[in-house]
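This report refers to the structure that appears directly beneath it.
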Amino acid sequence: MKNLSSNLLTIATATILLSACHSNPAENHLNPITPTPLHYQADYGAFDWRTNTPLLIDQATDTTIIRAAFELPLFTAPLKVQPRFIIGESGKTPHSIELKRVDTLAFSPSREAYRLAITAHEVTIEAVSDTGFYYALKSLQQLTDPQTNLIRAALVEDAPRFGYRGVMLDVSRHFRSKAFVEKQIRQMAAYKMNRLHLHLTDAAGWRLQIDSYPQLTALAAWRSDSLWKSWWQGDRRYLPEGSQGAYGGYYTKEEIRQLVEYARRHCITLIPEIEMPAHSEEVLTAYPELSCTHEPYKQADFCVGNEATFTFLERVLDEVMELFPSHYIHIGGDEAGKASWKKCPRCQQRMKREGLKDVDELQSYLIARMGRYLEAHGRALLGWDEIIEGGLAPGATVMSWRGEAGGMKALEAGHQVVMTPDEFCYLDSYQDAPYSQPQAISGYLPLEKVYSYDPLPASRDTIPRAKELLLGVQGNVWTEYIPTEAHLEYMLYPRAIALAEVGWSQREQMSWPDFRQRILKKVLPLMEAHGYHPFDLRGEVGNRPEALQSIDHLAKGKPITFRSNYWKKYPANGDETLTDGLRGGWGYGDGRWLAFVGSKRVDVVIDLEQPTMVHEVKADFMQICGPGVYLPAKVVISASTDGETYTPLTEITHQVEKDDAVSFRTYGWQGETTTRYIRYESYPDTTYGGVHFLDEIVVN
Ligand code: ACM
């Protein structure tokens, strides 16, 4: 009787309090959990999560993981919940949160899945693993009303779409402390991300203690300028550890052990990346005998002909494997120049002996050999999509960054793939109008575009085993232009949370308007309350106004002849790009900007098909100096009635200057002429050269 009356009391209290929950209908219709769960069904009543509500767990449960789930609670309750563990008394305590280990969950084979049943009397969590418990507790926190600590009764059955949901932090270009990395682990895990890839080595600094090669941290971890940009454009020197002006840092082995353990408690695997064969200027200055020419400060690529290179890489990987339990070890593999290999007698000899026909195959030789080494030690090789060039090593997993093409090729060849295409996943790109943002590397990747990414659209069903081989998705933050911790968080959030949902949620459950409101109303306020520095979506400017709608003009859809070729690396909308009525946005990679790199940059002729009265001809160009995109020094616009003899309408010159901005400039003519053919030409500046990008030749 006593129990019954107390239950009745709970229900009565809950009902009253629940009406408080409903006081803000605008928020209540939003999906209550981020990332969107597989299944959520609300019910009547509410569970009152009190300070003394016990958490019942069994002997096998790892309490360090359960405690970790409360380190960054996803609610700001006035009543701070202190989980009270009762181990091994399952079912004996009323009004409890019970964590029940089960052998299987009928709705998903994933070890990360969980079932969460909330009634007015109890909360029951079922999971196959501690990770499932962690994720259920994260969902439970999000379901908790922050004012009242009430949790609306519901049934949640949840499991991830992809097993790999990652973020990459570049801690080479600007070193970040262990405490900062832990702070990001808490945030990522709160939204069920489970891989943190650390880019530990690059020209800008080696970031990991390696006992066999002490110069890596005694010299190669320290540079002469704190800002990557001025260091890279300046002297690019390394300085001995502890010397005056030496900037940088590295993780000691003890710190890595602590980080690995910290991440494990938050259900995150740390994946180390050790770059090879390129991006290794720092190693090849500390140990110049490992480059083709043996000169410090001259080479970025290891000498593949020298056995000492393999001794080095294997010893380094031995120590890396000892520290990181991750199955995947990332070996970089991107952007090798390979120039020194063509002239190096050792590399040439290696190619001859191994029957390698070019330097791409020489790179593949190195990658395959390292793959075998890792495999012999029970690990697997993960590398950027360049590892495909020259033949993909057996067993290698590909991280597709130059779009999805590399990933698709690897999938078709039966390899595992992590999708991280730059267009959708490079979180170092501008997330809003460049003029409103701190300098970024380039691009334009707003939250909505990240959210729109589907790593495995239905069209890929034709690839055998695609669902099994496509491990998931990752967001990358390269930090060349990101010197501070707050700035790094600003680039990460909330975009990483969009990728968390891309990786976890089923497509048909996802909704951009709903997600955007959740970010505005719940995620950002919580992040700010917890001391993070996310981009403020509330003040978003949006895309370049010109790009928002298509335009009509006299040249739209007219035949165009390319007297100079556009650059096939940025083909945009092909031959039609300049006359399709679509203007470009803030980033040259948006498929609306056409690139020209030839000695004569732009040289095109538009045929209006009949003599036409023309008052205006104009085109916009973009400049962003970091990636080498410059405005033209000169544009010539001319007209012809027969397509043979052209009369100049105007010649526009511009004093090109290098700067940090993303800028746009219109090169046009206004007047009155009757013409059939219009020729548009651009010429580069003699000092800066640069790629020319233009989006449309508008004729009025
Ligand atoms: C890369 O962005 N170079 C992988």
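Please identify which residues in segment 329-351 have an amide N closer than 17 Å to a label point set 7 Å out from the Cα of His294, following the Cα→Cβ vector. Under cut-off, by backbone N: 341, 343-349. Between amide H atoms placed 1.01 Å from N, distances below 5 Å from Asp536 occur with no residue 5 or more places distant or on a separate chain.
Amide H to amide H distances under 5 Å link Met399 with Gly383, Trp384, Asp385, Val418, where only residues 5 or more positions off or on other chains count and H is placed in the peptide plane. Considering segment 214-291, its Cα convex hull presents a mean projected area of 6.5 nm².
A cut-off of 5 Å between modelled amide H atoms, ignoring neighbours fewer than 5 places along the same chain, links Asp358 with no other residue.
In a fully extended conformation the segment linking Asp461 and Lys600 would gain 45.6 nm over its present Cα-Cα distance, using 0.36 nm per residue.
Taking θ as phi - 60° and the Karplus parameters 6.51, -1.76 and 1.60, the scalar couplings of segment 116-132 work out to 10, 10, 10, 10, 5, 9, 7, 10, 10, 10, 10, 7, 7, 9, 5, 4, x Hz in sequence order, x denoting glycine and proline.
Mean sequence separation of contacting Cα pairs (under 8 Å, at least six apart), scaled by the length of segment 324-458, corresponds to a relative contact order of 17 percent. Tell me which trypsin sites (Lys or Arg not before Pro) from segment 327-383 have a DSSP coil assignment and no more than 13 other beta carbons within 10 Å of their own. Sites meeting the loop and neighbour criteria: Lys357. For the chain, the longest principal axis of the C-alpha atoms and the axis of helix 359-376 are separated by about 10°.
Stretching the chain fully between Asp514 and Phe180 yields a gain of 117.2 nm (0.36 nm per residue, less the alpha carbon separation). Residues of segment 127-142 with an amide N closer than 18 Å to a point placed 7 Å from the Cα of Thr63 along the Cα-to-Cβ direction: 130-131, 133-134.
Take Met399, Met370, Met510 and order them by how many other Cβ atoms sit within 10 Å, fewest up front.
Ranked by crowding around the Cβ, least crowded first: Met510, Met370, Met399.
Taking only the alpha carbons of segment 633-700, we obtain Rg and Dmax values of 13.7, 44 Å in that order. A crude spin-label estimate for the pair Thr647 and Ser226, with each label 7 Å from Cα along the Cβ direction, gives 6.2 nm.
Cross-link partners of Lys229 among lysines, defined as those whose alpha carbon lies under 18 angstrom from its own and excluding same-chain residues fewer than eight positions apart: Lys658.
Taking all Cα-Cα distances within segment 469-548, those exceeding 17 Å account for 57%. Pairs of alpha-carbon atoms within less than 8 angstrom and 6+ residues apart define the contacts here; what relative contact order does segment 95-161 have, in percent? Computed over segment 95-161, the figure is 37 percent. Each of Asp659, Asp514, Asp202 was scored by other Cβ atoms within 10 Å of its Cβ. Arranged with the fewest first, they read Asp659, Asp514, Asp202. Taking a ≥ b ≥ c as the square roots of the eigenvalues of the alpha-carbon gyration tensor, segment 369-506 is classed prolate because a/c is 1.5 or more and a/b outweighs b/c.
Computed on the chain, with alpha-carbon pairs under 8 angstrom and 6+ residues apart, the relative contact order is 10 percent. Size descriptors for segment 66-209 (Cα atoms only): Rg and Dmax, in that order, 18.0, 59 Å. With both labels modelled 7 Å from their Cα along Cα-to-Cβ, the Glu657 to Ala405 distance reads 3.8 nm.
Per residue, the convex hull spanned by the alpha carbons of the chain comes to 179 Å³. Taken one residue at a time, the phi angles of segment 595-602 give Karplus couplings (6.51, -1.76, 1.60, θ = phi - 60°) of 9, 10, 10, x, 4, 8, 5, 6 Hz. Gly and Pro are set to x.
Subtracting the Cα-Cα distance from 0.36 nm times the residue separation, let me have the gained length for Trp567 to Glu314 in nm, one decimal.
Working: separation 253, 0.36 × 253 = 91.08 nm, distance 3.99 nm.
Once the chain is fully extended between Trp567 and Glu314, it gains 87.1 nm.
Extending 7 Å from the Cα toward the beta-carbon at both Asp358 and Arg50 defines two label points whose distance is 7.4 nm.
Order by neighbour count: Ser364, Ser224, fewest other Cβ atoms within 10 Å first, most last. Could you put the intermediate results ahead of the total?
Values: Ser364 23, Ser224 17.
With the fewest neighbours first, Ser364, Ser224 line up as Ser224, Ser364.
For segment 55-63, 3J(HN,Hα) computed residue by residue from phi via the Karplus equation (6.51, -1.76, 1.60; θ = phi - 60°) reads 10, 8, 10, 9, 4, 7, 6, 7, 5 Hz, glycine and proline entered as x.
Of the chymotrypsin sites (Phe, Trp or Tyr not before Pro) found in segment 285-381, the ones in coil according to DSSP and having at most 16 other Cβ atoms within 10 Å of their Cβ are Tyr297.
For segment 329-443, the average shadow cast by the Cα convex hull is 9.0 nm², which is a quarter of the hull's surface.
Each value in this text was obtained by applying a stated rule to the coordinates, not by laboratory testing. Fair warning: this is a prediction, and the values are worked out from it, not measured in the lab. When we count neighbours, we look across all protein chains shown, and the Cβ atoms used for this are built from the backbone with ideal geometry, even at glycine.
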